[in-house]
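Read the structure below first, then the notes.
No value in this document is a laboratory result; all are computed from the given coordinates. Keep in mind that this is a model prediction, so the values were computed, not measured. Every residue, glycine among them, receives a Cβ derived from its backbone with ideal geometry; neighbour counts consider all protein chains shown.
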Amino acid sequence: MQSPVAEYLETIVNRCKSDRTGEISPASAKNTGIDADQLALAITTVDGATYAVGDADVHFPIESMAKPLTYALAIHDAGPTEVHKKIGVEPSGDNFNEIALEESTGRPFNAMINAGAIAAHTYVDGDGENDRTERIRQHFSKLADKALQFADTEDDTTHRNLAIGHMLKAADVLEIDPQEAVRGYTRQCAVSVSTRDLAIIASVYANRGVHPLTGERLLEPDIVRHVLSVMATCGMYNATGDWITSVGIPAKSGISGGIFGVLPGQLGIAVYSPLVDSRGNSVRGVELFEHLSRDVGLHLMEASPIGRSVLRSAEERHGAMHFQMQGTLLFTQAELIAREIERRECADLPVILDFEATIAVSVVAKKILAEMVDRLRRHDHVQTVVVDPGGFFSDAWGSESRTPTVVGSVEAARSALGT
Ligand code: GLU
């Protein structure tokens, strides 16, 4: 039986099928076997479920979609300070292969255009060209959870990219030989991926750098946040403004016709259709994302209110006020919980704060809730027990006098209170 999710994705793909506008890019046309009809959509959730429809297992060169991935690896290998010194984070407003640098700093504008991407490539660890491209191939493979290979592509963009390479060398952005840098960059563009692979890769970014399938941390959360921010402002060639207003998620496209997008905390999404528009973005790929954005509510600027769902229950039970929290607690959720505890009825009853169904607690939420517990105990003189089997609050109290009774279950809380 087909899953209702896959069925829904299929209806979206079918809606875009008949559009034949756009062209196969001359940069991709040299690669044999491109079928203009091919169309695919895949999504991977942060808990590792993948739904793929259409030609999701057809392979194509990753092209510019390699840029954010290599940029992240460069920041990991060379450190953020070094990389930010040499590569900016501003949209350029120019074409992706413009032979230009930021006037005020002499750096490439960002790592989503060729100048910045060629520079980023060289900041990846590696003893020479082969070592570096192999490290990149292996990192991409870990992201895709599959051994990716280099496609046999011909690339007639090399002369322009060489001009960019020499410009970067003259501006002191490159430490290595520009020809080596461009050869390596060209090879990184040739890594062969499928739409399914790209959705899985994107899901690692959606999951703050931890692979949803293997559980391995592949990237630090700070790097993920930085790279997604640059994708959001520079990822879709010169159409990034249109994209972020209409679709509303960080994404990167490649001239081969793929696009991957990241809905942080939720999904990696990828599409493929080789017919691209004048700005280099897949025509039907953009349409698919637009449909999804409207139907699924992908747009980051359209977050739904948190409501009261973090507080599963707040009631008097067996002679104690029982507050049961659930899900992820960030500042806004902690504020809501603290407010509810403050205005609780039966103010003289002991309190059980139950974090058994909590998934994560941010630093600031921990501070606010620990302070709340402190007030209950020391200010209101209310007996308070914290149920924290996940140990979220293990380092929250600071001193022994501030430490409340912490137990692993509601039963243990009741017996501690004698209720
Ligand atoms: N290999 C192409 C170039 O560097 C990639 C172009 C792209 O996908 O934007 O020019």
**Q.** GluC sites (Glu not before Pro) lying in DSSP loop within the range 27-133, provided at most 12 other Cβ fall within 10 Å
**A.** E103
Q) Along the charge dipole of the range 344-401, Cβ charges K/R +1 and D/E -1, which of A365, F355, F393 sits furthest on the positive end? A) A365
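About the Cα centre, and with charges only on the beta carbon of Lys, Arg (+1) and Asp, Glu (-1), how big is the dipole of the chain? Nearest 20 debye, please.
Details: 38 positive and 57 negative charges, 134 e Å.
Roughly 640 debye, rounded to the nearest 20.
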Q. How would you rank 199-208, 134-143, 15-24, highest first, on the average number of other Cβ atoms within 10 Å across their residues?
A. 199-208, 134-143, 15-24
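Note down the relative contact order for the range 290-413 as a percent, whole number, built from C-alpha pairs under 8 angstrom at least six residues apart. Provide the component values of the computation, followed by the final result.
Details: 181 pairs, mean separation 26.0, N = 124.
About 21 percent, as a whole number.
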Q: Would you list, by chain and number, the lysines whose Cα falls below 21 Å from the Cα of K252, excluding same-chain residues fewer than 8 positions away?
A: K67, K142, K146
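For A100 and S3, what is the calculated FRET efficiency with R₀ set at 41 Å and r taken between the beta-carbons, to the nearest 0.05? Write out the running numbers ahead of the final one.
Working: r = 48 Å, r/R0 = 1.16.
In this case the efficiency is close to 0.30.
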Q | With Cα atoms, 0 to 90° folded angle of helix 221-234 axis to the chain main axis | A | 50 degrees
Q. What value, in deg cm²/dmol to 500, does the helix sum -39500 (n - 2.57) over DSSP H runs of n ≥ 4 give at 222 nm once divided by the residues of the chain?
A. -11500 deg cm²/dmol
Q) List the aspartates and glutamates whose alpha-carbon lies under 13 Å from that of K169, not counting same-chain residues fewer than 8 positions away? A) D177, E180
